[in-house]
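Following: one structure in structure tokens, then a few remarks.
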Amino acid sequence: MIDGERGDAQPGAGETSAKSSDTTANALRVWRTLALVLAVLIVALIFGAYSQPELLLNYSGLRYCG
């Protein structure tokens, strides 16, 4: 950061906030990616389970018995 009166550069000033925001943005990107992968995995498992006839029979039995 540059001092307004003398024009001297202050080493290290402002670097912490820039690195912190980059780290926060990267962490947010990683969590969003993990959430998306988990959502896709859950949808794939539900679709795979739904296509099995014996699972559909189990669900209909729960509706009548439960």
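Once both labels are positioned 7 Å from their Cα atoms along Cα-to-Cβ, the gap between V40 and D22 label points is 2.7 nm. At R0 = 30 Å, how high is the FRET efficiency between Q52 and V30 if r is their beta carbon distance? Nearest 0.05 is fine. That pair, Q52 with V30, gives E of 0.35. Near A25, once Lys and Arg are set to +1 and Asp and Glu to -1 for all other residues with Cβ below 14 Å from its Cβ, the sum equals +2.
Read-outs throughout are calculated quantities, based only on the coordinates presented, and are distinct from any laboratory measurement. As the structure is a prediction and not an experimental result, all values here were calculated from the model. Cβ sites come from the backbone with ideal geometry, for glycine too, and all protein chains shown count toward neighbours.
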